[in-house]
Amino acid sequence: MEKPPIKRPYAMELAATLLSLVLIIALLYTLQGVLLPLMFSILIAISLYPVAVFLERLRFGKAFSALLAVILAIAILSGLVWFIVHQVIVIGRDGAEIQSKFLSIFDTIQRWLHDQFGLEPTEVMERVRGQANQILSNAASYVTAAFGSLGNLLAGTVLVPLFSFFLLYYRVFFREFFFRAFRTTPQEVVHNTLNKIYTVVQSYLLGLVTVMGIVAILNTGGLLIMGIQYAWFFGTLASLLMLLPYIGIAIGSILPALFALATKDNAWYAVGVIAWFQVVQFLEGNVITPNIVGSKVSINPLMAIISILLGGMLFGLAGLILALPLTATIKVLFDAIPSMNAFGFLIGEPEKYHLKRYSTKILLKRWNLRELIEARERKKHTSNNKKGEPPSAGQQDDSKID
């Protein structure tokens, strides 16, 4: 006769879960030098999977198809980098003219500060010089950080294509690993969970690329109408910054606004640039992305912002980029694990009834609490009537609960 499983106190289970979470986060932070290239490689491999499958159908070998898919991705990314660097060099040729314009703007600001607050130009220059000296005093740490980032970049440039190739080439091998690792779980559940993770991440990535293309066209169109030079460069750069969710377009509007301020005779051009980019950001968040990505990547905005902040604290800039696809993957896993289902629900988007006026009443009915509350109210009402007491203010119809 089998012994019944020992039921531990909930507080003990919660403490064990939190301790495990802390240890996992500490492990992620410690191993980020390897884990970050690996996570980026997983995203790239998922994006390139349809390309590799298409090449395999053309009778190319599995290894050669994976290699061609990775080379294609390298070519596209190299083209984007060349375009940005080339445009920066072209803009730099006009650097002297732009610098003189900024100096005149700075003189105008000095005069305004003198007229409004009585600050002498020499005082303003002293404060600016003090900030410059402070920056120069920390130059060593900046150079060290830059070389460290360069080393990580070079390591990622080598590791990410290599990891992506092996993830594509050994993809069936890795799938069987999950079947072997979760033998106690029905294999159909493991198979469906892996497929759902692939669908969610691929929908996010392909949707992001499509949205970035549309946003680049909208940004560029607005800049062309306003007559801003290098409109394609600024529009494309702002769309690439969408890799930083919620803040990318806002950051991307600063450069063209400053450029308009330096090259145009009227400051309203800069205001127009910022206003147009905010309109594009509104359209992207409320019209473009919902219709392209749809409900396949269902993360509510609050949890998305929290995940972005946590990703930034944990992995820096890379964490900001990885936050949403990683959170979407975690949600799929939580939905597949019965004990974590509530947390998957918390990450997801609210249903329509959660946002209605009488949402509390609907919720109580769904969880069979409405009848219990009504029975309690009737019991209190009957008891008060027997005593001759009027109903209290709290004894109201449950239709007023919200």
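The values are calculated or read from the model by the stated rules, or taken from the named source; none is laboratory data. Since the structure is predicted, the reported quantities are computational estimates derived from the model, not experimental observations. Positions of Cβ are backbone-derived with ideal geometry, glycine not excepted, and every protein chain shown enters the neighbour counts.
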Could you look through the range 163-207, keep only residues that are of a type in the set (A, V, I, L, M) and either outside any helix (DSSP H, G or I) or free of Cβ contacts under 8 Å to residues at least 60 places away in the same chain (or both), and pick out the one that is farthest from L333 (Cα to Cα)?
-> V172
Within the range 50-64, track down each residue that is part of a loop (DSSP other than H, G, I, E, B) and of a type in the set (F, W, Y).
-> F60
Taking the range 183-202 on its own, how many of its residues are more than 26 Å from L324 (Cα to Cα) and among the aromatic types (F, W, Y)?
-> 0
Just to be sure, is M39 aliphatic (A, V, I, L, M) and touching a residue at least 60 places away in the same chain (Cβ under 8 Å)?
-> yes
Output the residue which, of all residues in the range 184-210 that are buried (at least 19 other Cβ atoms within 10 Å of the Cβ) and of a type in the set (A, V, I, L, M, F, W, C), is farthest from Y269 (Cα to Cα).
-> I197
Pairs where the first residue, in the range 270-285, is acidic (D, E) and the second is surrounded by 15 or more Cβ atoms within 10 Å (Cβ to Cβ), C-beta under 9 Å, 6+ apart = E284/V211; E284/I214; E284/V215; E284/L218; E284/M242; E284/I249
Test result for I71, out of contact with any strand residue (DSSP E or B) (no Cβ under 9 Å at 6 or more places or on another chain), modelled with pLDDT of 85 or more and closer than 24 Å to S307 by Cβ = no
In the range 262-317, residue surrounded by the most Cβ atoms within 10 Å (Cβ to Cβ) [restricted to those that are more than 30 Å from G92 (Cα to Cα) and hydroxyl-bearing (S, T, Y)] = S307
Qualifying residue in the range 104-112 (condition: at pLDDT below 70, outside any helix (DSSP H, G or I) and not small (G, A, S)) | no
Flag if T236 is part of a helix (DSSP H, G or I) and either closer than 30 Å to R175 by Cβ or in contact with a strand residue (DSSP E or B) (Cβ under 7 Å, 6 or more places away or on another chain) (or both) = no
